[in-house]
Amino acid sequence: PKEPLDLLSQITRRFQAAERDTSAQFEALLERLRTLATPEARGHAGVARIVQFALLISFTLAVLAVTTLTHLADRLTFDNLGADNRIRVFAIVSALLSIPIGLLYVPEDRRRAQIFLITLLSSITTVLAVIIVFTPEFQAPITGHAVFRWFLATAITVATVVAASYGLWMTRKVESQWRWVTRRVVAIGGFSYALSMLIVWINRNAIRPGWVDQNELRLLITTFLVALLVFLICVVMISVVRIQDENHLDLWSAEFRWLVVEVEDAADNRRIAESLTTHWLGSAVALLRLIQRPYGEGPADGGRNATTPADSGGIQKFSTITLDLSDSGRVAFTQRASPMLSPEGWISAQYRKLTTSFLSSQAISYGTVGEADNARPEHCAYPVELQDAVAGRGRGIRWPFAYDFYAGQLDEVLRESAEASLARALLDTYLEEPGSWTLSEQDGDDQNLADLFGQILPAGQNTFTAGLLGNKAASFTGTKTMTAKLWWPDNVSLDPESSSQPDSMTEPRGVGSSVLFQAIRVDLSDFIFLSDLGCPEEDGPGSGAPTGPGDASSTSPL
């Protein structure tokens, strides 16, 4: 089973899922736009062929009606040419059409193509020359025979049309330019040749049925009506196709414009999702380190603790007492410190301290005093690419805040609050938990802080020793009484049986993981006059007579 994700990971996955969704939507719309068929790509090949074929039929019917059912039919029999000339003309026309038809069958191989062309041209030329020269010899037996009179011409015509049709079908996928031209020549020439032969064949009196002449007008009207109907059907089909194309173009245009707008919106949404993910990661990395290191990294020197002040040896009767937590005191300290270090909302409070410190430093560095209150790292929307942020080039406030936090530049802010809480918990433990501490150098289980600090309290009348006066001690006639000035630590109770009362109170101070209690006693003697030391007034350090007992030149407290 997968391990449950923490809150930051779940939120990050939500952002990444939104980024994937917007990217997928953008790619889908872009692919749909790419694959959108253009109006020209819409297939009308089948309809186009039907229309072309119908138009061809309509044109053929109209031409046949005009050339076979009107007075023009009498002129298209070519009887005035004579039998020999008609054979020659037929041979020449058939030969001329046979040349492009033969070109459709030219082999791809160059050598074979040369042989084929030579053979084709030689055969056509030879046959044409023989027919033209020996026409009278061929004309009599052919026209005199009841079958050959029409069969031979019909067979040649059909063979020519079939050869042209087959050649066109065989070369329908050609790409050579000369074959393309040849196909057009064969198509137009073959249709004209077949239509002309059909007109001549219908107009021949020997072949033309008698009922055609009897119903010539009705056949003409019927043929024209059929041709007109076919033409109108073609026009309607073309109009319908054009209307469909216009509708399709309108729909295509509307869909294209809609897709363009949607792709632009999807691209904007993807950029926004990527930017939001980058923004979230900038805040998430800061929150992650705050959760993992809520009080920052420890100092390189292992922590700041109170030590004996330098040069304190010159102070008479100066002493320091070091207290360590006992086992029970350590348990009590842990119980007190835990809720103080992590109260309700402490992560939010730590984060607010970090941002306040960072924004203050930014205000000092860049002179933006007054703007820091309105800008917060988690509110920064400065556009940052993820690769730039990872490379340490993120700008704005959000990512620089994360950089400084990971560099340890803000750890002091976190440690400061932690050290204050620890100092308070340690102070309460020392003051309120019996047996919570021991002396480092001696057993203090039967003592408390009041007993320790009570050692500096004066016992009875306090006097100074005459030895302090040096060689003047023997002649001293004044009093040796001294008055004690006492500074007592606050929160430490004073023995009620003691006659000494503090002149002022000192507050405990936290230094790193230490708590300082200060108890100070200063003994001051009464004023000592020079006369009490047996010195004449003129021997005094001052010039002239003293002005009074309080004159600084003649008196001095000890």
Number of positions in the range 100-123 that are surrounded by fewer than 17 Cβ atoms within 10 Å (Cβ to Cβ) and free of Cβ contacts under 8 Å to residues at least 60 places away in the same chain
16
Within the range 172-188, can you find the residues that are open to solvent by 50 Å² or more (accessible area, probe 1.4 Å), charged (D, E, K, R) and either part of a helix (DSSP H, G or I) or touching a Phe, Trp or Tyr at 6+ places or on another chain (Cβ under 7 Å) (or both)?
184
Just the residues that are polar (S, T, N, Q) and either touching a strand residue (DSSP E or B) at 6+ places or on another chain (Cβ under 9 Å) or open to solvent by 50 Å² or more (accessible area, probe 1.4 Å) (or both), please, taken from the range 240-270.
244, 247, 269
Residue within the range 189-204 that is more than 18 Å from residue 93 (Cβ to Cβ), at pLDDT below 80 and not in a helix (DSSP H, G or I) present
no
Tally of residues being in a loop (DSSP other than H, G, I, E, B) and either of a type in the set (Asp, Glu) or at pLDDT 70 or above (or both) across the range 474-497:
13
Subset of the range 366-380 (residues that are open to solvent by 50 Å² or more (accessible area, probe 1.4 Å) and modelled with pLDDT of 85 or more):
378, 379
For residue 555, which of the numbered conditions (1) among the β-branched types (Val, Ile, Thr); (2) surrounded by 15 or more Cβ atoms within 10 Å (Cβ to Cβ); (3) modelled with pLDDT of 70 or more fails to hold?
(3)
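Considering only residues that are of a type in the set (Gly, Ala, Ser), open to solvent by 60 Å² or more (accessible area, probe 1.4 Å) and either within 26 Å of residue 423 (Cα to Cα) or modelled with pLDDT of 75 or more (or both), which ones fall in the range 498-530?
Our first condition is that a residue be of a type in the set (Gly, Ala, Ser); within the range 498-530, this holds for 498-500, 504, 510, 512-514, 519, 525.
Of the ones still in play, those that are also open to solvent by 60 Å² or more (accessible area, probe 1.4 Å) are 499, 513.
Residue satisfying the conditions is 513 alone.
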Note on the range 124-171: residues surrounded by 16 or more Cβ atoms within 10 Å (Cβ to Cβ) and modelled with pLDDT of 80 or more are 124, 128, 157, 160, 161, 163, 164, 167, 168, 171
Answer yes or no: is there a residue in the range 271-291 that is modelled with pLDDT of 85 or more, open to solvent by 60 Å² or more (accessible area, probe 1.4 Å) and closer than 27 Å to residue 426 by Cα.
yes
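The values are calculated or read from the model by the stated rules, or taken from the named source; none is laboratory data. This is a predicted model, so every value here is computed, not measured. Methodologically, a virtual Cβ is constructed for each residue, glycine included, from the backbone with ideal geometry; neighbour enumeration extends over all protein chains shown. With ligands, DNA and RNA removed, areas are computed over all heavy atoms of the protein, side chains included. Shrake-Rupley method; radii C 1.70, N 1.55, O 1.52, S 1.80 Å.
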